[in-house]
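Let me begin by presenting the structure, written as structure tokens, before commenting on it.
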Amino acid sequence: MSALSVSYVILFYAAIGILVVGLGSRILRYVKTPAPLKIPTMPAPVTKSGVVMRLGREVVFFESLFKSNKWTWIFGWLFHVSLLLAFFRHLRYVIGPDNILGMLIGLEIVQSFGKYASYTMVIGLLGLLGRRLFVERVRYISSPSDYLMLLLLLSIAATGMLMTFVSHIDIMQLRDFAVGLFILQPANVPDSPLILIHLALVALLMIIFPVSKLLHAPGVFFSPTRNQVDNAREQRHIADWAVPLDETRGNK
Amino acid sequence: MADFETPVLQKYPVIPSITIDAMKDSAPFVAKPEHQDPLGFPGELVDDWKDRAIEKMGELLGKYRSFQVYLDSCVKCGACTDKCHYFLGTTDPKNMPVARQDLLRSVYRRYFTFAGKYFPKLVGARDLTKEVLDEWYSYFHQCSQCRRCSVYCPYGIDTAEISMAAREILDSVGVGQKYCNEIIAKVHKVGNNLGLPEPALKDTLEGLEEDIEDDTGVKVRLPLDEKGADILLITPSADFFAEPHIDGLIGYAKVFHEAGVSWTLSSYASEAANFGMFIGSYENMQKVAMRIREAALDLGVKRIVHGECGHAWRVAYSFWNTLAGPFDFLDPNYPVPQHICEFTYDLIQKNKLRFDKSQNDHRVVTFHDSCNVARATRMGDKPGGQFEIPRAIIKTVCNNYVDMDPDTIKEGTYCCGGGGGLLTDDLMEIRVKGAMPRMQALNEVVEEHGVTNMAAICAICKSQFTKVLPYYKMGMDMIVSVHQLVSDALILTGQEVDDDEADEDAA
Ligand code: SF4
Ligand code: SF4
């Protein structure tokens, strides 16, 4: 294997490791930290299944954002849906066509949706960048990292598009590399500059995920204003740390 | 009227452009040692404040999932930037919810995150300095913890949670807010925000009984400390002396009278308000809430009914059970606590009250959803009951009712501008400016529909509007209690009425 391939293999194992461990420990922290008081944003569901629906609407449709700002909603939603479609298309690099999942992914519809999603993804990202640059209020709250995040995603999308529409790469070799990572038999990385840039940026994205605002992805599921049932009058809700207070409470 | 300009009301809501540092000098009076001591906080800024503040932040990160998750999750999408009444009224960008959070998030990042420790500039992290602490004190007292921003944030990020944490950190290093902490100390000592002792309370209630009798010819009681009564009424102490609150209290008394239930107030727990929430102190909030449990046990009541108050209803509805429950010694057939609106609505449903709606014909009424009632509690069995029940009551007792702009009511309601511990004269500018979006919506229905009165079910809202309406060239008596409208239309059994006017149909 070439030195280049070796470094890419190491890069990806490191990225995967950081993503899994970083995100895992963050999620564990969220799980372990209690929400000591009932604070759902009302009106809130009064049943667990209602909460599942509420979170579902939040994750699938961005319900609150829709109520809030139609432009941010359309650009944000477009980007995320496109990302999902692109993700499905990319699965062909790790799943062969010889099983049912592989066949589904190989379907023309999945592949072309994934392909053209790159356009909508870029539109969404440019829209978000435009708001950040030109809406005074959003510009005020933006840090360098907020712009860089958008530029990173745009670069990933752009290099991907170039490979899809302009300068094709060796798909079989890419699959060997990707599958190789999974089965622990590293293979050579295709040595086209475009794919190397694309892969490096994706690895970078994975690395910064657990230490950046990308934590909004797990965060939405742990948001007490969204995931709590409205049943405070019916059920007590005492955090572990509040138990000693509970036992010694009283003014008399 | 004051050394600031009252915002000009526009015909339609507009999102203003930002004015950096417009409100940087706004800060409430700082608590003195005698206000801090009884709450268990240091009397003044401690020497090692920086270390202790960071330590406290760390402690809160481990105690409150909301705090931890919200500091991590914001993507700076900007969706909340135009949702805060204080931003709309002051145009100070630090009053945009996300910017307010960032005042604290920047410090969190610096001391608790990888990115902020190693790349502070990149992610907008900063050291905790005295300037930062002062900035916290200023801007976290320009947030009424109304939760409007949390409705519109894609992750439900609730700036109120951040404000509460910030105030708790400030308290823990000795920088408390005088208004809140002085009041909490009074409750711990006397039992209500005003420090009103039992004899004064008794006098007031007797006076009210006389007024009602003069007015209606019917003897309606306002009992105090009556053991064995069925219902304990917990209501904000403003109901005992302030206008228009007191007319609401008369309304509750009349409703209880007509319902034929025995009820009582308690001089030990003569306060529904619980400012412990505003300063984010679980311990103080619990201590205040416990007085109510203790009073209920002492008096041997079967039910607790809660008067018109917003944040207090939040504490009662959402936190009492946790802080001071379980209330298994009360009658399980009724919710604990029950809101006075739920109580009255129930009687209306059962046709137990008779009204003469025409008594309110000189009014065209609109309803101000109080932020804490709307976004932090419920009434009745169904989500949204907190919007429908008060409106149903008003429509039962008034012929003329209109709602304000749909974007400014129900879950999207604008705070009155005085909530969250800001209802103090030293914060008049932020109070007046923060009231602007509500005043704008009100002005619209005044001009279009001839609205004469705005009803509310919150003691803070009522006091705040009484004070700020004149700044916007509207009458301070426009604001009324919901139970004042009930009181005006209710026909007491045995009351002398002109038969033609009486509307026998209770519905
Ligand atoms: S809680 Fe209310 S006052 Fe505070 S930032 Fe949010 S909208 Fe503004
Ligand atoms: S809406 Fe939520 S995620 Fe967006 S900027 Fe405001 S607080 Fe952050």
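Listed values, structure above:
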quantity: Dipole axis of chain B (+1 Lys, Arg; -1 Asp, Glu on Cβ), positive-most option in B:SER262, B:GLN101, B:SER318; calculated: B:GLN101
quantity: B:GLU5-B:TYR118 FRET efficiency (beta carbon distance; Förster radius 56 Å; 0.05 resolution); calculated: 0.80
quantity: Residue exposure sequence - B:ASP477, B:ASP405, B:ASP381 - by fewest surrounding Cβ within 10 Å; calculated: B:ASP381, B:ASP477, B:ASP405
quantity: Angle in degrees between helix B:340-349 and the longest Cα principal axis of chain B, rounded to the nearest 10; calculated: 40 degrees
quantity: Residue exposure sequence - B:HIS257, B:HIS85, A:HIS90 - by fewest surrounding Cβ within 10 Å; calculated: A:HIS90, B:HIS257, B:HIS85
quantity: Per-residue [θ]222 nm for chain B (sum of -39500 (n - 2.57) over DSSP H runs n ≥ 4, rounded to 500); calculated: -13500 deg cm²/dmol
quantity: Amide H contacts of B:GLN177 (H built 1.01 Å from N, under 5 Å, at least 5 apart or other chain); calculated: B:ALA31
quantity: All Cα pairs of segment A:1-111, percent lying beyond 20 Å; calculated: 70 percent
quantity: Most positive-pole-ward Cα, A:SER68, A:LEU205, A:TYR147, against dipole of chain A from beta carbon charges; calculated: A:SER68
quantity: Cα radius of gyration and Dmax for segment B:323-473 (Å); calculated: 16.8, 51
quantity: Signed unit charges on C-beta, dipole axis of chain B, positive-most listed residue B:CYS77, B:ILE460, B:GLN386; calculated: B:CYS77
quantity: Segment A:30-40 - phi-based ³J(HN,Hα) in whole Hz, Karplus 6.51/-1.76/1.60, Gly and Pro as x; calculated: 4, 5, 6, 7, x, 9, x, 9, 7, 9, x
quantity: The protein assembly as shown - convex hull of the alpha-carbon atoms, volume per residue in Å³; calculated: 175 Å³
quantity: Equivalent ellipsoid semi-axes - Cα gyration tensor, segment B:33-176, angstrom; calculated: 24, 19, 14
quantity: Folded to 0 to 90 degrees: helix B:49-63 orientation relative to chain B principal axis, Cα; calculated: 60 degrees
quantity: Using alpha carbons only: equivalent-ellipsoid semi-axes of chain B, gyration tensor based, whole Å; calculated: 39, 26, 19
quantity: Dipole moment magnitude, nearest 20 debye, the protein assembly as shown about Cα centre, only Lys, Arg, Asp, Glu C-beta charged; calculated: 3880 debye
quantity: For segment B:246-302, alpha-carbon Rg over 2.2 N^0.38 Å; calculated: 1.36
quantity: Debye, to nearest 20: dipole size of chain B, +1 on Lys, Arg Cβ, -1 on Asp, Glu Cβ; calculated: 2560 debye
quantity: Convex hull projection area averaged over all views, segment B:345-397, Cα basis, nm²; calculated: 4.1 nm²
quantity: ³J(HN,Hα) computed for each position of segment B:228-242 - Karplus, 6.51 cos²θ - 1.76 cosθ + 1.60, integer Hz, glycine/proline x; calculated: x, 5, 6, 10, 9, 9, 10, 9, x, 5, 4, 4, 7, 9, 8
quantity: Residue exposure sequence - B:MET436, A:MET103 - by fewest surrounding Cβ within 10 Å; calculated: A:MET103, B:MET436
quantity: Cα gyration tensor shape for chain A, rounded if a/c is under 1.5, else prolate or oblate; calculated: prolate
quantity: Sum of -39500 (n - 2.57) over DSSP H runs of 4+, divided by residues of chain A (222 nm, nearest 500); calculated: -21500 deg cm²/dmol
quantity: Globularity ratio of segment A:69-166, using Cα Rg and 2.2 N^0.38 Å; calculated: 1.25
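Every number here is computed from the coordinates shown, using simple stated rules; none is lab data. The structure presented is a predicted model; accordingly, all values stated were derived computationally and were not measured. Because the Cβ atoms are built from the backbone with ideal geometry, glycine has one as well, and the counts that use them run over all protein chains shown.
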